[in-house]
1. Within the group D145, D186, which residue is among the acidic types (D, E), under 19 Å from M464 (Cα atoms), without any contact (Cβ under 8 Å) to a residue 60 or more places away in the chain and part of a helix (DSSP H, G or I)?
2. Under 6 Å between Cβ atoms, at least 6 apart or on separate chains: pull out the pairs that start in segment 233-258 with a residue that is free of Cβ contacts under 8 Å to residues at least 12 places away in the same chain and more than 16 Å from A222 (Cα to Cα) and end on any residue that is part of a helix (DSSP H, G or I) and not aliphatic (A, V, I, L, M).
3. Just to be sure before I move on: is D372 touching a residue at least 12 places away in the same chain (Cβ under 8 Å), closer than 23 Å to L439 by Cα, of a type in the set (D, E, K, R) and out of contact with any Asp or Glu (no Cβ under 7 Å at 6 or more places or on another chain) in the structure I sent?
4. What do you reckon, is N300 under 27 Å from the mean Cα position of the chain (by Cα), without any contact (Cβ under 8 Å) to a residue 40 or more places away in the chain and more than 30 Å from V379 (Cβ to Cβ)?
5. From G469, G484, G454, grab the single residue that is in contact (Cβ under 8 Å) with a residue 12 or more places away in the chain, at positive phi and within 14 Å of the ligand (Cβ to nearest atom).
6. Given (1) within 20 Å of the chain's Cα centre (by Cα); (2) free of Cβ contacts under 8 Å to residues at least 40 places away in the same chain; (3) within 23 Å of D666 (Cα to Cα), where does V432 come up short, assuming only one miss?
7. Quick one: how many residues across segment 490-541 are at pLDDT below 95, among the small types (G, A, S) and more than 14 Å from the ligand (Cβ to nearest atom)?
8. Taking the residues in segment 546-556 that are in contact (Cβ under 8 Å) with a residue 40 or more places away in the chain and outside any loop (DSSP other than H, G, I, E, B) as candidates, determine which candidate is nearest to the ligand (Cβ to nearest atom).
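The values are calculated or read from the model by the stated rules, or taken from the named source; none is laboratory data. All values reported here derive from a predicted model rather than from experimental measurement. Methodologically, a virtual Cβ is constructed for each residue, glycine included, from the backbone with ideal geometry; neighbour enumeration extends over all protein chains shown.
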Amino acid sequence: MLNRLGGMHLSARLLDILPQRVLFLDGAMGTAIHAIEDLDLERDFQGKENCPEVLNLTRPEVIQRIHESFFAVGCDAVETNSFGGMPHVISEFDLADRAREICRVSAQIARRAADAHATPGKPRFVFGSLGPGTKLVTLGQITWDDMLASYTEAARGLIEGGADALLIETCQDLLQCKCAANACIDAQRQAGLWETENRLPIFVQVTIETTGAMLMGTEIGAAAVALGQLPIDGIGINCATGPTEMAEHIRHLTEHCGKYISVLPNAGLPAMVDGKTVFPLQPEPFAEQLGRFVDALGVNVIGGCCGTTPDHLRALVEKVGTRPPAPREPRLPAACTSLYSPVDLKQDNSVLMIGERTNANGSRKFKQMLADEEWDGLVSWARGEVRGGAHVLDVCVDYVGRDGVADMQQVIGRYVQQIQVPLMIDSTEADVIETALKLAGGKCIVNSINLEDGEERLNRVCPMLQRYGAAVVALTIDEDPQAGMAKTADRKLAIAERLYGLCTGKWRIDPRDILFDPLTFTIATGNADDRRLGLETLDGIEKIAQRFPECGILLGLSNISFGLKPAARQVLNSVFLHEAIARGLTAAIVHPSKIQPKTKIDPAHWDAALGLIYDARGADRPEGAPENFDPLIHFIGLFPDDADAKPQVAHENLSLEEKLQRHIIDGEKQNLETDLDAALEQYSPLEIINDHLLAGMKVVGELFGSGQMQLPFVLQSAEVMKQAVA
Ligand code: THG
């Protein structure tokens, strides 16, 4: 109890110290353990050779001595020996039942070391370490729920043992980062600490490989966006490389993240010397480089990972002293992100184009493939949308007669890995939305919330936005059973105002993460009531944009033209989008490849569409038109036969040789067998492999080598290669 109180007291001071000066956090535990010669595999490791956590039970004094060696050279904080202490990891050593105890003991050991060195002028802290584990949710090796339960158990132990902060480190997968961060929050809720002044700060550190991305292919910018919204205190980078290789990634964090930034590099890039791993960077240059991060970039927490000894930390403490980090003024991105790269919610000189056809209600083909459970085909379909220009994909699997949760699992599980762009999760069911969010390592956009049933839907969905990190679409629909969807500009604004108040007030959503959808429906029915729907929507966009300039404004564009022929729809959609952008629209759910710029549309068609949109009848009719001029009939009349769009450069138009290469480069299995069968009529199997398939792999290799293609995509290509060869 005393420890616990001591911990609470000190943790309050941890958050007091950080704004004032750099915090020195620990060197390598693993390297230190390896250096101890009298550890016995049977007696000390109980036969569990790769389980350093066992030493907390068998040789606590050895672990405490290592902690003290770092406190002795001036470190403010050390990390507990609990890197692999989560039940789902330590279960490999048959210790799952003792995971919480092992974590608790690890914190108690570090606590004893800290208390032995603490003075009134220099308090010492314990960071409870939580490593990445051996299974990743993104790769389908464990579920979010199982991983969450496991990290929560470990975090409970660390809290009970007196940790002052929780450090999720060496992360390779953003989904694991988010899951572990929520476990640290849940554990504190269970312990009655969360949202009290005694809460333990949470830090998340990712690992950027020598490729310049996380193991899953994640850029640092994507990590900053996906983690930036979580209620954690710090973001940082550790392991894999030395400080030099980290510099640009650290710079990105310090410029784009408002949280504390921590940096714990290895002692340089590891090299093999005489069969042993050697970390070449000496204490002085190590300290010098980290010192520059503090002075030039404003890094807040520094220390070392693999290969850093007490000598490295001593040099660091001496070199950097207690000077404050350089002040920072980060520009926080307003963005969503895939597992790979971020996308700004507001595009310069354009709207955010959200592909509409990955939607069971918006595409017969998508719906059919879903019904047939053609999962590979659904991936190809999505890729086609991205090739067609979509910045984001709107994914909706809702339709009567199918299990939306199961379908979301199948579809999103594949999309998060195989699709480069961020996802918009479109569902009326909160549990379907949550299923998707538990699979998406990036930051999604949730489509949508509204006030149809009062605040009920907000109450269900808004908590998820913070928990999983997501932006949200807010529809201007309220409880009014007569009106339903707001049809006038004033009502659209009034409902948007109410939504804004609830979202930013009660739910603390960043206004930049809200995209209002003033909604439109077709103006092509000929009903008198419908003719002004587009007009009111445009006015609504303008009013909402003026009132809430930080927020985004989105439309499901194609709704405007339901009922018309495809060629007419293409024109009306393009013209309406043009008008909407002029009024302040920032995002649109569209079929991007079918949107045409003004220059490509026949001026007569353009003007006719404008007449339809602005309801040019009576006094507003075009010059010379008869008194009973009807802009709808006029517009429809311009598209007598359905002369629809030219086909895209489709797979079937490629030469057979190009097709084979494409399969490999795109990692595309659809039609693979057909194309191979055709090839076998002309070539021997060996020729197909050596001349055509390997040519594709060569391109893949070049793309990977130059950083233009990430590992999961390379693996997909390899998979197709394997299948083709088989
Ligand atoms: N606001 C928000 N979300 C939305 C909408 C909105 N999501 C769904 C929808 N509206 C936007 N998406 C689509 C997708 C497709 C079509 C229209 C809107 C569409 N599809 C053709 C059709 O039905 O005729 C193509 C059919 C096919 O290829 O089979 O028009 O307003 N927030």
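1. Selected residue: D186, the only one of D145, D186 that is among the acidic types (D, E), under 19 Å from M464 (Cα atoms), without any contact (Cβ under 8 Å) to a residue 60 or more places away in the chain and part of a helix (DSSP H, G or I).
2. Filtered contacts from segment 233-258: no entries.
3. Spelling it out, it is not the case that D372 is touching a residue at least 12 places away in the same chain (Cβ under 8 Å), closer than 23 Å to L439 by Cα, of a type in the set (D, E, K, R) and out of contact with any Asp or Glu (no Cβ under 7 Å at 6 or more places or on another chain).
4. no
5. Within the list G469, G484, G454, the selection yields G484.
6. (3)
7. Qualifying residue count for the region: 2.
8. Once the filter is applied, the top-ranked residue is G556.
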